[in-house]
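S.K.: The structure under discussion is supplied below as structure tokens; questions concerning it will follow.
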Protein chains: 2
Amino acid sequence: MSNVNSREAILTAASTLYATRGYEAVSMRDVAAVVQIKPASLYYHFKDKEALVREAFAHVFAEKTAPMEEVLQVGRSAQERFEAFVAWFVRLLFEDPIFSRLLVRELLDGTSERLEYLSETVFDKPFSQLSRTIADVSGSTEPALTAMSVVSMILGHYLLAGALPHLSGGRAEYGESEVLIHHITELLGRALMSPDFRGEA
Amino acid sequence: MSNVNSREAILTAASTLYATRGYEAVSMRDVAAVVQIKPASLYYHFKDKEALVREAFAHVFAEKTAPMEEVLQVGRSAQERFEAFVAWFVRLLFEDPIFSRLLVRELLDGTSERLEYLSETVFDKPFSQLSRTIADVSGSTEPALTAMSVVSMILGHYLLAGALPHLSGGRAEYGESEVLIHHITELLGRALMSPDFRGEA
DNA sequence: GTCTATACGCGGATAGAC
DNA sequence: GTCTATCCGCGTATAGAC
């Protein structure tokens, strides 16, 4: 195989493994086994494990960075843009397990530098857009805090999905994207459009 | 030292390390070093690493299970009970880093059996209580889904706290428990009390 | 580019002395 | 209960042949 394809294959294998088990738990031998090369060959492409981890992250997040901006500008009214954001983010988390697991791992374990990189490259643009949309919808005095709440609810639903079957009253469809999109836009839509919601604190 | 104290010391050291770095990344040697005994001595108290991990988890979560039920029954009106839940859960997550990190790690990486255990011992009682409270406050036809949303928002805020300094519009106080308690009860209180909120889907 | 061979420390775990 | 001593496989990483 050509060098470019090997590199791609390694990054794909590595990010999948890191998402599934956490990168601490994944050895260079594990990655090599998936790609079907010998461990030593990895070192032709990447200086050391740290370099592979860093580039595997960048690889996954870069794929997501490209399409997101266009997707988020389609909305006409503020309310529609709000709903577009919720739908996009729920689908992203629930339908791309590699992205979502890596994201949560980074939020939990990422160093300050890595979190800064992540925020700047992946999060900040849609987050600003969401903040502006929320300001338009609700007139909140603290749109950024409310935007964090929206993102948080979606992120939290993703995390809770694993525990869902064991919670009393939990139904399987509460883990499906479309059900969640409808529920979250409904619930938060009401909160934001509430006539006397002015933000808080 | 007596066996009981050693055991306690080992469990405390282990759970702290697991919370900080993830249990895959923490060796028996690491645990032994903190307790200041030799690695081999750990095997007098615990059969193997898996047993230590399991008991370290149980140790941390058991500590939290005891007080929570009383705390959650103080509310008089449904609205007050809702606010009591939010305040309790936000403070638990933001003021006990060991508990919160272990919880998120388990939600992300826990096997189905461990998640079942976790749900039954830690989550299910307050969750049922919250579901009932929400049914009382809002008359929602799907109180469990709405309860998940409440828990999700709080969990998500905890996860986002690390990225907060890097988000545009993010202010440091958005990561403080009291500010969040106020914001979340305000935001979700409006959603739940909204006259025509009937749940969804 | 990928291989074989290899170095070497860290990992979990056990046996048996004290 | 805790120790010393030890086993052995896995981990990252390098040198050098093909």
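S.K.: Using a label point 7 Å beyond Cα on the Cα-Cβ vector, give me the inter-copy distances for A:Gly139 in nanometres, one decimal, shortest first.
M.R.: 2.7
S.K.: Compute the Rg/Rh shape ratio of the stretch B:1-77: radius of gyration over Kirkwood radius, all on alpha-carbon atoms.
M.R.: When Rh is taken as the Kirkwood radius, the ratio is 1.13.
S.K.: Related question: Starting from one equal scatterer on each C-alpha and no solvent at all, send me the Debye-based log10 I(q)/I(0) for the stretch A:15-152 at q = 0.14, 0.18 Å⁻¹, two decimals.
M.R.: Ignoring solvent entirely, the Cα scatterers give -0.72, -1.02.
S.K.: Using a Förster distance of 60 Å, how high is the FRET efficiency between B:Met28 and A:Val74, based on the Cβ-Cβ distance and rounded to 0.05? Before the final figure, lay out the partial values.
M.R.: Details: r = 54 Å, r/R0 = 0.90.
Rounded to the nearest 0.05, the efficiency is 0.65.
S.K.: Let me ask something additional. Measure off 7 Å from each Cα along the Cα-to-Cβ vector at A:Ala66 and B:Ser177, then give the distance between these two points in nanometres to one decimal.
M.R.: Distance between the two pseudo-spin positions: 4.6 nm.
S.K.: If you don't mind, another one. Work out the count of Lys pairs in the protein assembly as shown where the Cα-Cα distance is under 25 Å, with the pair 8 or more places apart or on different chains.
M.R.: Values: A:Lys38/A:Lys47; A:Lys38/A:Lys49; A:Lys49/A:Lys64; A:Lys64/A:Lys125; B:Lys38/B:Lys47; B:Lys38/B:Lys49; B:Lys49/B:Lys64; B:Lys64/B:Lys125.
For the protein assembly as shown, qualifying lysine pairs total 8.
S.K.: Report the Rg/Rh value for the stretch B:134-198, based on alpha-carbon coordinates and the Kirkwood definition of Rh.
M.R.: Values: Rg = 13.7 Å, Rh = 13.0 Å.
Here Rg/Rh amounts to 1.06.
S.K.: Calculate the length of the line joining the C-alpha centroid of the stretch A:73-142 to that of the stretch B:118-140, in whole Å.
M.R.: A separation of 28 Å, based on Cα centres.
S.K.: Right, something else. Taking a label point 7 Å from Cα toward Cβ, how far is B:Glu24 from its twins in the other copies, in nm, shortest first?
M.R.: Distances to the matching label points in the other copies: 0.9 nm.
S.K.: While we're looking at this one, here's another question. Shortest first and in nm with one decimal, please list how far the A:Lys125 label point sits from its counterparts in the other copies (point 7 Å along Cα→Cβ).
M.R.: 4.9
S.K.: Measure off 7 Å from each Cα along the Cα-to-Cβ vector at A:Lys49 and A:Arg21, then give the distance between these two points in nanometres to one decimal.
M.R.: Output for this residue pair reads 1.1 nm.
S.K.: Here's something else I'd like to know. Work out the P(r) tail for the protein assembly as shown: percent of alpha carbon pairs separated by more than 39 Å, whole number.
M.R.: Values: 16995 of 80601 pairs.
Cα-Cα pairs of the protein assembly as shown separated by over 39 Å account for 21 percent.
S.K.: Can you find, among B:Leu145, B:Gln73, B:Trp88, the residue sitting farthest towards the positive end of the charge dipole of chain B, where Lys and Arg contribute +1 and Asp and Glu -1 at Cβ?
M.R.: Most positive-ward Cα: B:Trp88.
S.K.: What's the angle, to the nearest 10 degrees (0 to 90), between helix B:3-21's Cα axis and the longest principal axis of chain B?
M.R.: Roughly 60 degrees, rounded to the nearest 10.
S.K.: Report the label-to-label distance for A:Lys38 and A:Glu120 in nanometres (one decimal), using points 7 Å from each Cα along the Cα→Cβ vector.
M.R.: Those two pseudo-labels are separated by 4.0 nm.
Values quoted throughout were computed directly from the atomic coordinates according to the rules given, and no laboratory measurement underlies them. What you see is a predicted model, and the numbers here were worked out from it, not measured in a lab. Glycine also receives a Cβ, built like all others from the backbone with ideal geometry; neighbour counts cover every protein chain displayed.
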